1. Do you know which of the residues in segment 127-153 that are surrounded by fewer than 23 Cβ atoms within 10 Å (Cβ to Cβ) and of a type in the set (Ser, Thr, Tyr) is farthest from Leu234 (Cα to Cα)?
2. Which condition number does Ala119 fail, the rest of (1) modelled with pLDDT under 70; (2) loosely packed, with under 10 Cβ neighbours inside 10 Å; (3) out of contact with any helix residue (DSSP H, G or I) (no Cβ under 9 Å at 6 or more places or on another chain); (4) closer than 30 Å to Leu100 by Cβ being met?
3. Applying the selection to segment 80-113, what residues are in a loop (DSSP other than H, G, I, E, B) and either over 27 Å from Gly15 (Cβ atoms) or under 17 Å from the mean Cα position of the chain (by Cα) (or both)?
4. Taking Pro18 as the residue in question, decide whether it is in contact with a Phe, Trp or Tyr (Cβ under 8 Å, 6 or more places away or on another chain), free of Cβ contacts under 8 Å to residues at least 40 places away in the same chain, on the phi < 0 side of the Ramachandran plot and not hydroxyl-bearing (Ser, Thr, Tyr).
5. Out of all the residues in segment 11-45, which are among the hydrophobic types (A, V, I, L, M, F, W, C) and under 23 Å from Asp124 (Cβ atoms)?
6. Check Glu76, Glu96, Glu103, Glu92 and return the single one that is over 28 Å from Ala239 (Cβ atoms), in contact with a helix residue (DSSP H, G or I) (Cβ under 7 Å, 6 or more places away or on another chain) and surrounded by fewer than 18 Cβ atoms within 10 Å (Cβ to Cβ).
7. Considering each of Arg199, Arg207, Arg227 in turn, give the residue that is basic (Lys, Arg), in a helix (DSSP H, G or I) and either under 30 Å from Ile44 (Cα atoms) or under 25 Å from the mean Cα position of the chain (by Cα) (or both).
Amino acid sequence: MTAEGGADELEELYGVRPEDFMALRTKLVAAAKKRGDAGAAKRIGAARRPTTAAWVVNALVHGDRHARDRLRDLGERLRAAHGAMDGNKIRELSSEQRRLVDELARAGLAAAGLSAASAALRDDVVGTLQAAIADPDVADRLGTMSKAERWSGFGDFGSISEVGVAPNKRKAAPSKPAPETAPTPDDIAARAELVTSARAEVEAAARAHSDATEQLRERSAKLAAARRRYEKLLESLSAAEHDVDEADADLIAADQSVRGAAERLDKAKVELAQAESALGAVNGNDPPTGDR
C-alpha cells in the first residue's frame, strides 16, 4: 500500500490507544473523502480496532523503530542456520530468540502502560513476536496489526526444539574390543526378562502418548474455536461501531442541510416581501399585508 492509498493514515490510526481508535478512524475517513481519495477512505474505513495484544505489539513498534528490524534480522539468521543444518548455531540463535522476545514483550507492555499484564495477554504478545521472527509477512505488518498472531512451529525453519547438534565429522580413535565371554543361562534369562519388561514399558508409554496426543488435539481445537469466536465478536463490535459512526455523521450532515434550507427559506421570504412592497409602490397601491 502506498502512502497515497492511506498507509500514513493507517500508521497514525494504529498508533493511538484502542479507545481512541474509532473516533480517529471516522476523522481520517472524512479527511480522505474530502480530498477525493476514495480508495484511502475505503481502506481506512475497513481497518479494525486492534485487540489488546495487537495494540501492545503496535505500541512497541511505534515506540521503538528498531524492534521490527531486530526481529527480521534474527529470523533471517535462523533461516540461514537451518538451511546450513548448523545445529550449534541454531541452539545459539534459539537462546538469542528467547532473550529478544522476552525483552521486546516487556518493552511493548510498558509502552502500552500494561506492565501488570495477565498471563494470557503476555502469551499472545510473545506468540506474535515469535511469529514475526518466523514469518517475514507478519514482520511487515507490525505496527498496524488488528489481532495477535501465532507461530505453529512449522514453516521455513521448522520447530527449533527438534533440531540437535550437528555431528562431529572427526573420526574417533578405534577402541580395543573387550574380550568376549560366553553368557551363562542366568545371564540369558535376566536379559530376556529385561527385554520383556522394556517392551511392556514401551507399550504403556505408547498408549499414554496416544492418549495425551488426543487430549492435546481436542484442547487445541477448543482453543482455536474459542479464539475464532472471540475474533468474530470483536469484528462484529468494530463493524457496529463503524455503522454508528457513519450514521452519526449522516445525521449531522442532514441537520446541517435542514438548517441551510431554513435559512434559505427565511431569506426568500424577506426578498419576496421587499419585491411586493416595491411593486405596490409603483402601482400606487398599499403593499399587501399578511404572512407568506
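1. Ser152
2. (1)
3. Ala84, Met85, Asp86, Ala112, listed by residue number.
4. It is true that Pro18 is in contact with a Phe, Trp or Tyr (Cβ under 8 Å, 6 or more places away or on another chain), free of Cβ contacts under 8 Å to residues at least 40 places away in the same chain, on the phi < 0 side of the Ramachandran plot and not hydroxyl-bearing (Ser, Thr, Tyr).
5. Residues satisfying the conditions are Leu13, Val16, Phe21, Met22.
6. Going through Glu76, Glu96, Glu103, Glu92 in turn, the sole match is Glu96.
7. Arg227 is the lone residue from the list that is basic (Lys, Arg), in a helix (DSSP H, G or I) and either under 30 Å from Ile44 (Cα atoms) or under 25 Å from the mean Cα position of the chain (by Cα) (or both).
The values are calculated or read from the model by the stated rules, or taken from the named source; none is laboratory data. Given the structure is predicted, the values throughout are model-derived calculations rather than measurements. Virtual Cβ from ideal backbone geometry, glycine too; neighbours counted across all protein chains shown.
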